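Structure, as structure tokens:
The values are calculated or read from the model by the stated rules, or taken from the named source; none is laboratory data. Remember, it's a predicted structure, so these values are computed and weren't measured experimentally. Neighbour counts are summed over all protein chains in view; Cβ atoms, including those assigned to glycine, are modelled from backbone coordinates with ideal geometry.
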Amino acid sequence: MPDQAENLRELVKKKQEIRVVSVASGKGGVGKSSVSVNLAVELSRLGVRALVVDADFGLANIDIMLGVTSKYNVSHFLRGEKTLHEIIQLGHEGVRFISGGSGMNELLNMDEEQLAELLGSLAALDAPIDIIIIDNGAGIHENTVQMILASSETIVVTTTEPTAILDAYALVKTIVKRDGSHQLHLLINKCENKKEALRVQEGFIEVIGRHLGKNINPLGIVMFDHDVPLSIKRQVPITVSDADSRTSQAIRQIARSLIDLPGGTESENFLAKVFFRLLGAKD
């Protein structure tokens, strides 16, 4: 009889084609969730089957942005009332998503066992999915960091504001200290001036390299667009309501760049990380 570890390793091999991308930020208000949703829409249009997991527990809003009233969320899974597959819902352009359950303290205070159960079930999810996008909470809460480290790669979203940049640096520093091989991408959002955005991008990458000894990939720049907050109010992603807007074009290019990048080449596969933790092994 094959042992448990052998069975898990076989499952890892079968599911290695799935990419798990965390979207994270050092602070709130930088447009992280909007990036997650619109990136999933553009990936779907490119033929990539995307699942968005709303892990911004307590402030979850992915379902609102997709114009869907969520009947089930992660809390139903954690209480054993539904399987993970049963709480997956369908949004615009065939984007699948899992609601995080807005304002629920039980999700904010998940213990390690609950988090491991969620990650393990997510890793073993039997569904037609090519890429999982995890919309994480802002900052460096331990649950957020664990979700990031369980992913194959992370997109760090920031604006050009000094406080956002400093908080993004703190987030990257935390990730690198915990796992120096974790693959990182940088996305500058809500930019008023492209020249300034390029300067911030170049400076941030240089500082990360000099002080943390880490390479971070410049994924793209998204200019400020007054129609984005309007699209959020209307509960229709900007990539759906105006596919030709400059924001939509920028996100589309970022989606293409992400597809062309090797997924998680510097770190272990998502499933391997999760199962090694569940088995009590060290990273």
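Selection of segment 194-217 for residues being in contact with a strand residue (DSSP E or B) (Cβ under 9 Å, 6 or more places away or on another chain) and surrounded by 12 or more Cβ atoms within 10 Å (Cβ to Cβ) yields A197, L198, V200, Q201, F204, I205, I208, K214, I216, N217. Picking from residues in segment 257-283 that are loosely packed, with under 14 Cβ neighbours inside 10 Å and at pLDDT 55 or above, the one that is farthest from S152 (Cα to Cα) is D260. Six or more apart or on different chains, Cβ under 7 Å: which pairs go from a residue in segment 177-206 that's under 9 Å from M223 (Cα atoms) to one that's part of a helix (DSSP H, G or I) and β-branched (V, I, T)? Could you list them? Pairs found: I188/V200; N189/V35.
For segment 212-236, filtered to residues that are modelled with pLDDT under 95 and part of a loop (DSSP other than H, G, I, E, B), the residue that is nearest to I188 (Cα to Cα) is F224. Filtered by the rule that a residue be part of a helix (DSSP H, G or I), more than 10 Å from the chain's Cα centre (by Cα) and among the β-branched types (V, I, T), segment 140-168 gives T144, V145, T163, I165.
Take I208 and tell me if it is in a helix (DSSP H, G or I), of a type in the set (V, I, T), under 26 Å from H141 (Cα atoms) and more than 20 Å from the chain's Cα centre (by Cα). So I208 fits the description; yes. For segment 168-190, a residue qualifies if it is surrounded by fewer than 20 Cβ atoms within 10 Å (Cβ to Cβ) and not polar (S, T, N, Q), and the qualifying residues are Y169, A170, K173, V176, K177, R178, D179, G180.
For segment 149-189, the tally of residues that are in contact with a Phe, Trp or Tyr (Cβ under 8 Å, 6 or more places away or on another chain) and of a type in the set (G, A, S) stands at 4.
Quick grid of which residues meet (1) buried (at least 21 other Cβ atoms within 10 Å of the Cβ); (2) touching a Cys at 6+ places or on another chain (Cβ under 8 Å); (3) modelled with pLDDT of 90 or more; (4) more than 26 Å from I238 (Cβ to Cβ):
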residue	(1), (2), (3), (4)
V48	no, no, yes, no
L51	yes, no, yes, no
F57	yes, no, no, no
N61	no, no, no, no
F77	yes, no, no, yes
H85	no, no, no, yes
G91	yes, no, no, no
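Remark: pairs (first residue in segment 111-128, within 19 Å of I18 (Cα to Cα); second residue modelled with pLDDT of 75 or more and among the aromatic types (F, W, Y); Cβ separation under 8 Å; 6+ apart in sequence or on different chains) = L118/F77; S121/F77.
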